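Shown next, in C-alpha coordinates, is the structure this report addresses.
The values are calculated or read from the model by the stated rules, or taken from the named source; none is laboratory data. Owing to the predicted nature of the structure, the values given are computational and were not obtained by experimental measurement. Heads up, the Cβs are rebuilt from the backbone with ideal geometry, glycines too, and the neighbour counts pull from every protein chain shown. Surface accessibility is based on the protein's heavy atoms, side chains included, excluding ligands, DNA and RNA. Shrake-Rupley method; radii C 1.70, N 1.55, O 1.52, S 1.80 Å.
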Amino acid sequence: TASNAGGSATDIITIVVTNPCPIAFNYSPASPTYTSGTAITALAPTITSGAPNTYAISPALSAGLAIDATNGVISGTPSAVQSATSYTITANNGTCSATTSLNITVNPAAPTIVYTPKTIVGAVGQVITTLTPVITNGPVTVTISPALPAGLSIDPVTGAISGTPTATAALRSYTVTASNAGGSATDIITIVVT
(Lines give C-alpha, C1' and ligand atoms only; values in the text may rest on other atoms or scores of the structure.)
Protein backbone atom coordinates (compact mmCIF):
# COMPACT_ATOMS: atom_id res chain seq x y z
CA THR A 1 0.00 0.00 0.00
CA ALA A 2 1.24 3.47 -0.96
CA SER A 3 -0.52 6.44 0.70
CA ASN A 4 -0.42 10.23 0.51
CA ALA A 5 -2.77 13.12 1.27
CA GLY A 6 -4.69 12.39 -1.89
CA GLY A 7 -5.42 8.77 -0.98
CA SER A 8 -3.82 5.32 -1.34
CA ALA A 9 -3.28 2.52 -3.79
CA THR A 10 -2.38 -1.13 -3.44
CA ASP A 11 -0.74 -3.86 -5.43
CA ILE A 12 -0.39 -7.53 -4.56
CA ILE A 13 2.81 -9.52 -4.92
CA THR A 14 3.71 -13.08 -3.93
CA ILE A 15 6.91 -14.19 -2.21
CA VAL A 16 8.38 -17.64 -1.78
CA VAL A 17 11.63 -18.46 0.04
CA THR A 18 13.27 -21.67 -1.12
CA ASN A 19 16.20 -23.60 0.25
CA PRO A 20 19.50 -22.47 -1.24
CA CYS A 21 20.59 -24.14 -4.46
CA PRO A 22 22.48 -25.70 -6.04
CA ILE A 23 23.51 -28.47 -3.64
CA ALA A 24 27.09 -29.70 -3.84
CA PHE A 25 28.54 -32.25 -1.40
CA ASN A 26 30.95 -35.17 -1.11
CA TYR A 27 32.39 -37.69 1.30
CA SER A 28 36.05 -38.00 2.23
CA PRO A 29 37.48 -40.52 1.83
CA ALA A 30 35.42 -41.39 -1.24
CA SER A 31 36.63 -45.02 -1.19
CA PRO A 32 36.78 -46.12 2.45
CA THR A 33 37.84 -49.62 3.48
CA TYR A 34 36.36 -51.06 6.66
CA THR A 35 36.86 -54.25 8.67
CA SER A 36 34.04 -56.66 9.38
CA GLY A 37 33.08 -56.65 13.05
CA THR A 38 34.78 -53.31 13.79
CA ALA A 39 32.78 -50.10 14.29
CA ILE A 40 33.61 -47.49 11.65
CA THR A 41 34.46 -43.86 12.29
CA ALA A 42 31.29 -41.97 11.36
CA LEU A 43 31.55 -40.68 7.78
CA ALA A 44 29.86 -37.28 7.37
CA PRO A 45 29.27 -35.42 4.11
CA THR A 46 31.10 -32.18 3.39
CA ILE A 47 28.60 -29.63 2.01
CA THR A 48 30.13 -26.99 -0.25
CA SER A 49 26.91 -25.46 -1.58
CA GLY A 50 23.22 -25.45 -0.74
CA ALA A 51 21.47 -26.77 2.35
CA PRO A 52 20.27 -30.38 2.00
CA ASN A 53 17.99 -31.78 4.68
CA THR A 54 17.30 -35.31 3.45
CA TYR A 55 19.61 -38.05 2.22
CA ALA A 56 19.07 -41.41 0.53
CA ILE A 57 21.52 -44.08 -0.64
CA SER A 58 21.32 -46.72 -3.37
CA PRO A 59 21.82 -49.67 -3.24
CA ALA A 60 21.29 -50.48 0.43
CA LEU A 61 24.44 -50.34 2.56
CA SER A 62 26.30 -53.43 3.72
CA ALA A 63 24.74 -55.23 6.70
CA GLY A 64 25.46 -53.32 9.90
CA LEU A 65 25.94 -49.92 8.24
CA ALA A 66 23.29 -47.19 7.98
CA ILE A 67 22.89 -43.64 6.70
CA ASP A 68 21.14 -40.95 8.73
CA ALA A 69 18.35 -39.68 6.47
CA THR A 70 18.54 -36.13 7.87
CA ASN A 71 22.28 -35.40 7.99
CA GLY A 72 23.82 -38.02 5.66
CA VAL A 73 26.18 -39.47 8.28
CA ILE A 74 27.13 -43.10 7.63
CA SER A 75 27.90 -45.16 10.73
CA GLY A 76 27.68 -48.62 12.25
CA THR A 77 29.61 -51.89 12.44
CA PRO A 78 29.77 -53.85 9.17
CA SER A 79 28.94 -57.49 9.76
CA ALA A 80 29.59 -58.93 6.30
CA VAL A 81 32.64 -58.99 4.05
CA GLN A 82 32.05 -57.04 0.83
CA SER A 83 34.16 -56.36 -2.23
CA ALA A 84 34.40 -52.76 -3.45
CA THR A 85 30.82 -51.60 -4.06
CA SER A 86 29.71 -48.29 -5.56
CA TYR A 87 26.90 -46.33 -3.90
CA THR A 88 25.00 -43.25 -5.04
CA ILE A 89 23.96 -40.82 -2.31
CA THR A 90 21.24 -38.28 -3.13
CA ALA A 91 20.88 -35.08 -1.09
CA ASN A 92 17.66 -33.06 -1.35
CA ASN A 93 16.11 -29.97 0.22
CA GLY A 94 12.73 -29.91 -1.49
CA THR A 95 13.90 -27.34 -4.02
CA CYS A 96 16.90 -29.00 -5.59
CA SER A 97 18.93 -32.18 -5.27
CA ALA A 98 22.37 -33.53 -6.09
CA THR A 99 24.21 -36.85 -6.02
CA THR A 100 27.68 -38.06 -5.16
CA SER A 101 29.39 -41.46 -5.24
CA LEU A 102 30.97 -43.55 -2.53
CA ASN A 103 32.92 -46.79 -3.01
CA ILE A 104 32.93 -49.00 0.12
CA THR A 105 34.99 -52.13 0.76
CA VAL A 106 34.56 -54.34 3.85
CA ASN A 107 37.49 -56.66 4.51
CA PRO A 108 37.42 -59.62 6.88
CA ALA A 109 39.08 -59.20 10.24
CA ALA A 110 42.70 -60.36 10.35
CA PRO A 111 42.90 -64.10 10.97
CA THR A 112 44.40 -66.03 13.86
CA ILE A 113 46.12 -69.41 13.52
CA VAL A 114 46.97 -71.74 16.41
CA TYR A 115 48.45 -75.25 16.24
CA THR A 116 48.01 -77.68 19.14
CA PRO A 117 50.36 -79.40 19.74
CA LYS A 118 53.18 -77.36 18.21
CA THR A 119 55.59 -80.22 17.57
CA ILE A 120 55.65 -82.99 14.97
CA VAL A 121 57.90 -85.97 15.62
CA GLY A 122 57.99 -88.16 12.54
CA ALA A 123 59.87 -91.21 11.36
CA VAL A 124 61.03 -91.96 7.83
CA GLY A 125 58.46 -94.08 6.01
CA GLN A 126 55.72 -93.66 8.61
CA VAL A 127 52.63 -91.52 8.05
CA ILE A 128 52.47 -88.66 10.53
CA THR A 129 49.35 -87.75 12.45
CA THR A 130 47.86 -84.81 10.56
CA LEU A 131 48.34 -81.57 12.46
CA THR A 132 45.48 -79.13 11.79
CA PRO A 133 45.37 -75.60 13.26
CA VAL A 134 42.39 -73.62 14.48
CA ILE A 135 41.96 -70.64 12.14
CA THR A 136 39.55 -67.74 12.67
CA ASN A 137 38.25 -65.14 10.20
CA GLY A 138 38.68 -67.28 7.11
CA PRO A 139 38.91 -67.90 4.31
CA VAL A 140 42.69 -67.58 4.40
CA THR A 141 45.77 -68.53 2.44
CA VAL A 142 48.30 -70.50 4.48
CA THR A 143 52.05 -70.57 3.79
CA ILE A 144 55.01 -72.06 5.66
CA SER A 145 58.68 -71.13 5.89
CA PRO A 146 61.13 -72.75 5.48
CA ALA A 147 60.01 -75.62 3.24
CA LEU A 148 58.72 -78.71 5.02
CA PRO A 149 60.84 -81.87 5.26
CA ALA A 150 60.65 -84.17 2.23
CA GLY A 151 57.36 -86.09 2.07
CA LEU A 152 55.35 -83.60 4.15
CA SER A 153 52.95 -80.99 2.78
CA ILE A 154 50.72 -78.20 4.04
CA ASP A 155 47.17 -77.52 2.85
CA PRO A 156 47.11 -73.87 1.66
CA VAL A 157 43.52 -73.41 2.85
CA THR A 158 43.25 -75.34 6.11
CA GLY A 159 46.90 -75.26 7.20
CA ALA A 160 46.82 -79.01 7.84
CA ILE A 161 50.28 -80.63 7.74
CA SER A 162 50.33 -84.24 6.65
CA GLY A 163 52.29 -86.86 4.71
CA THR A 164 54.96 -89.53 5.04
CA PRO A 165 58.53 -88.32 5.64
CA THR A 166 61.04 -89.70 3.14
CA ALA A 167 64.24 -88.46 4.79
CA THR A 168 65.49 -87.57 8.23
CA ALA A 169 65.35 -83.95 9.31
CA ALA A 170 66.91 -82.24 12.30
CA LEU A 171 64.69 -80.47 14.81
CA ARG A 172 63.75 -77.13 13.28
CA SER A 173 61.25 -74.32 13.74
CA TYR A 174 58.76 -73.44 11.00
CA THR A 175 56.69 -70.26 10.72
CA VAL A 176 53.16 -70.77 9.43
CA THR A 177 51.34 -67.66 8.16
CA ALA A 178 47.59 -67.32 7.57
CA SER A 179 46.60 -64.31 5.45
CA ASN A 180 43.42 -62.67 4.20
CA ALA A 181 42.47 -59.20 2.98
CA GLY A 182 42.31 -57.99 6.58
CA GLY A 183 45.87 -58.96 7.51
CA SER A 184 47.88 -61.96 8.61
CA ALA A 185 48.87 -63.98 11.67
CA THR A 186 51.59 -66.51 12.38
CA ASP A 187 52.25 -69.51 14.58
CA ILE A 188 55.53 -71.37 15.04
CA ILE A 189 55.81 -75.15 15.09
CA THR A 190 58.79 -77.52 15.32
CA ILE A 191 59.34 -80.66 13.29
CA VAL A 192 61.88 -83.45 13.59
CA VAL A 193 62.09 -86.61 11.48
CA THR A 194 64.12 -89.51 12.80
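If R0 equals 25 Å, the separation of the Cβ atoms of residue 33 and residue 66 corresponds to a calculated FRET efficiency of about 0.85. Computed on the Cα trace of segment 1-135, the radius of gyration divided by the Kirkwood hydrodynamic radius gives Rg/Rh = 1.49. Shown for the chain: the carbon plus sulfur share of the solvent-accessible area, taken with all protein chains present and a 1.4 angstrom probe, equals 56%. Surface exposure of the chain, expressed per residue as accessible area with a 1.4 Å probe, stands at 54 Å².
Over the chain, with a Gaussian network built from C-alpha contacts below 10 Å, which listed residue (37, 94, 138) shows the highest mean-square fluctuation? Highest fluctuation of the listed residues: 94.
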